[in-house]
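Novice: To start, I am sharing the structure in question, which I have written as structure tokens.
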Amino acid sequence: MDENITRWRLILGQDANALGEVSLNEQQSLMDATLAALYDDTDGNGNGGGKRSAGLGNSAPNLAKWLTDVRSFFPPDVVSVIQTDAIERKGLTKLLFEPETLKNVKPNISMVGTLMALKDQIPAKSKDTARELVKEVVNEIMKRMEQDLRRAVTGALNKKAHTPIANFSSTDWKRTIQRNLKNYDTATKRIIPEKFYFFERTQKQKNWTVILDIDQSGSMCDSIIYSSVMGSIFASMPALDTHVVVFDTEITDLTEACRQDPVDMLFGVQLGGGTDINKSVAYCQTLIENPRKTMFILISDLYEGGVRSGLLRRLNEMHQDGVKVLVLLALSDSGRPDYDEKLGKEISKLGIACFACTPDRLPELVENALKGNDLKKFESKNNETIN
């Protein structure tokens with residue numbers, strides 16, 4: 001009987017006065033808030049009455065999160081009904097189902113998140129337009145990140161390899177000066193180099209393996225978009241063997257899509273669902289061939305639904321084997337993550353850098369990792385490393 005009363009309370013919302021006071025647990029309260037955002041305070045036309053709202057109006061970031069929360073709380077057949085109602089009641093039909101209207105939308109990262117969440121609801125006639133919108137945002141992010149990220153990777157790898165072939169533009173001046181200080185001429189006050197040292201200009205083979213392990217939770221939407229672009233940039237660099245994995249309770253390897261088109265990769269992401277980080281990290285461990293030439297980046301808010309002790313053990317194994325392990329709680333412009341602080345601190349105690357990072361700071365982070373610098377000393381501009 002109690003289960004039926006709770007079910008009717010969730011169906012009727014705050015208007016279930018006849019049932020009296022019905023106590024909801026934490027999960028049920030989240031489900032109630034999710035339903036209320038769509039069904040409370042509206043008339044038959046979807047107009048709000050002002051009593052309660054959870055941001056399904058003009059806020060695209062909230063909309064993207066709400067749509068993915070729905071997937072977490074309800075079975076697929078119910079999710080389909082709720083998302084259809086959201087499109088109709090919240091005025092999204094015209095935006096998402098009419099390509100003429102969609103063409104006039106100014107694309108931004110929040111809109112991409114919304115389209116990713118609603119991808120299965122977008123009709124065929126609008127899919128091409130939606131794809132172009134996503135592509136425009138991806139291209140903007142690519143322009144913003146690619147040059148500095150390439151420079152960071154190339155600089156870090158080249159400074160570990162030298163060549164006797166003389167090339168003025170590739171002169172390693174620091175190393176050349178240090179090695180020739182003994183040849184300092186006091187009369188002319190100049191260093192007379194006995195030998196010059198040069199950076200290699202090209203990478204003939206893949207020197208490092210980079211593995212991106214990306215959490216598909218709805219709250220990680222911005223991070224997923226930036227991480228996908230990062231993966232595509234890495235995949236285009238001959239010196240890196242790049243793998244991109246996304247996960248919820250299941251694992252999807254998007255490495256091939258990453259090597260071809262970041263837009264395809266984004267549409268291959270399934271936002272929402274549960275989270276089993278341990279299971280995904282276990283899969284990523286199978287991709288490691290040379291630990292000391294591998295960088296593993298876990299992008300997650302660390303709300304683990306799997307085996308926490310197993311996750312900590314696997315991350316520690318990687319770290320002890322020499323893998324450069326980074327945990328990004330967020331890769332977003334805000335740099336202010338909502339994450340499991342307890343698990344974050346436990347990971348940090350293993351000696352693994354665990355922090356948020358803005359896209360602009362990412363090249364510096366990657367360069368420090370590849371150079372073998374102490375990442376615990378690295379601080380994001382927007383968020384300090386966890387202590």
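The values are calculated or read from the model by the stated rules, or taken from the named source; none is laboratory data. Keep in mind it's a predicted model, so treat the numbers as computed, not measured. Cβ sites come from the backbone with ideal geometry, for glycine too, and all protein chains shown count toward neighbours. Side chains are part of the model used for accessible areas, which takes the heavy atoms of the whole protein and leaves out ligands, DNA and RNA. Shrake-Rupley method; radii C 1.70, N 1.55, O 1.52, S 1.80 Å.
Novice: Which residues, counting only those in segment 175-196, are among the basic types (Lys, Arg) and out of contact with any strand residue (DSSP E or B) (no Cβ under 8 Å at 6 or more places or on another chain)?
Specialist: The first filter runs over segment 175-196 and keeps only residues among the basic types (Lys, Arg), leaving 175, 179, 182, 189-190, 195.
Matches in segment 175-196: 179, 182, 189, 195.
Novice: Now, a different point. Report yes if some residue within segment 35-51 is part of a helix (DSSP H, G or I), touching an Asp or Glu at 6+ places or on another chain (Cβ under 7 Å) and at pLDDT 70 or above; otherwise report no. Steps first, answer last, please.
Specialist: If we filter segment 35-51 for residues that are part of a helix (DSSP H, G or I), which is where we start, we get 35-39.
Next cut, touching an Asp or Glu at 6+ places or on another chain (Cβ under 7 Å) only: 38.
Narrowing the set further to residues that are at pLDDT 70 or above leaves 38.
Looking through segment 35-51, at least one residue is part of a helix (DSSP H, G or I), touching an Asp or Glu at 6+ places or on another chain (Cβ under 7 Å) and at pLDDT 70 or above.
Novice: Check 346, 289, 341 and return the single one that is at pLDDT 95 or above and more than 16 Å from the chain's Cα centre (by Cα). Write out each step before concluding.
Specialist: Working: 289 fails: at pLDDT 95 or above; 341 fails: at pLDDT 95 or above.
None of the other options fit; the residue is 346.
Novice: Yes or no: segment 315-338 includes at least one residue that is in contact with a His (Cβ under 7 Å, 6 or more places away or on another chain) and in a loop (DSSP other than H, G, I, E, B). Even if it seems obvious, please write down each step before you answer.
Specialist: The first filter runs over segment 315-338 and keeps only residues in contact with a His (Cβ under 7 Å, 6 or more places away or on another chain), leaving 325.
So of that shortlist, the ones also in a loop (DSSP other than H, G, I, E, B) come out as none.
No.
Novice: Being part of a helix (DSSP H, G or I) and among the hydroxyl-bearing types (Ser, Thr, Tyr) is the filter here; which residues of segment 228-263 pass it? Before you say what the answer is, go through the steps one by one.
Specialist: At the first step, the residues of segment 228-263 found to be part of a helix (DSSP H, G or I) are 228-235, 255-260, 262-263.
228, 232, 255, listed by residue number.
Novice: Counting just the residues of segment 258-283 that are farther than 22 Å from residue 356 by Cα and among the acidic types (Asp, Glu), which one comes out most open to solvent (accessible area, probe 1.4 Å)?
Specialist: 264
Novice: Here is a further query. For a quick check of your reading of the model, give me the residue pairs whose first member lies in segment 261-288 and is under 12 Å from residue 214 (Cβ atoms), whose second is open to solvent by 40 Å² or more (accessible area, probe 1.4 Å) and of a type in the set (A, V, I, L, M, F, W, C), with beta-carbon atoms closer than 9 Å and at least 6 apart or on different chains.
Specialist: 280/251; 284/251
Novice: Scan segment 80-115 for residues that are without any contact (Cβ under 8 Å) to a residue 24 or more places away in the chain and within 12 Å of residue 38 (Cβ to Cβ) and jot them down.
Specialist: 81
Novice: Among the numbered conditions (1) of a type in the set (Ser, Thr, Tyr); (2) surrounded by fewer than 17 Cβ atoms within 10 Å (Cβ to Cβ); (3) within 21 Å of residue 116 (Cα to Cα), tell me where residue 286 comes up short.
Specialist: So the condition that residue 286 fails would be (3).
Novice: Taking into account only those residues within segment 2-11 that are under 23 Å from residue 66 (Cα atoms) and open to solvent by less than 80 Å² (accessible area, probe 1.4 Å), which is modelled with the highest pLDDT? Even if it seems obvious, please write down each step before you answer.
Specialist: If we filter segment 2-11 for residues that are under 23 Å from residue 66 (Cα atoms), which is where we start, we get 6-11.
Filter again for open to solvent by less than 80 Å² (accessible area, probe 1.4 Å), leaving 6, 9-10.
Working: 6: 72, 9: 69, 10: 69.
Result: 6.
Novice: What are the residues in segment 156-171 that are surrounded by 11 or more Cβ atoms within 10 Å (Cβ to Cβ), within 27 Å of residue 235 (Cα to Cα) and modelled with pLDDT of 55 or more, if any?
Specialist: The answer is 156, 157, 158, 159, 170.
Novice: Could I ask something else about it? Residues that are open to solvent by 30 Å² or more (accessible area, probe 1.4 Å) and either at pLDDT 95 or above or within 20 Å of residue 229 (Cβ to Cβ) (or both): does segment 351-359 have at least one?
Specialist: Within segment 351-359, none of the residues are open to solvent by 30 Å² or more (accessible area, probe 1.4 Å) and either at pLDDT 95 or above or within 20 Å of residue 229 (Cβ to Cβ) (or both).
Novice: Consider segment 310-350. How many of its residues are open to solvent by 30 Å² or more (accessible area, probe 1.4 Å) and within 15 Å of residue 375 (Cβ to Cβ)?
Specialist: So the answer is 4.
Novice: Filter segment 289-337 for residues that are within 23 Å of residue 357 (Cβ to Cβ), free of Cβ contacts under 8 Å to residues at least 40 places away in the same chain and small (Gly, Ala, Ser) and give the result.
Specialist: 322
Novice: So, one more: List the helices (runs of 4 or more DSSP H) that sit entirely inside segment 70-155 and contain at least 1 residues that are open to solvent by 60 Å² or more (accessible area, probe 1.4 Å). Break it down stepwise before answering.
Specialist: Values: elements: 76-89, 93-97, 99-102, 109-117.
In segment 70-155, 76-89, 93-97, 99-102 are the helices (runs of 4 or more DSSP H) which contain 1 or more residues that are open to solvent by 60 Å² or more (accessible area, probe 1.4 Å).
Novice: Considering each of 309, 280 in turn, give the residue that is assigned to a helix (DSSP H, G or I) and over 30 Å from residue 79 (Cα atoms).
Specialist: 309
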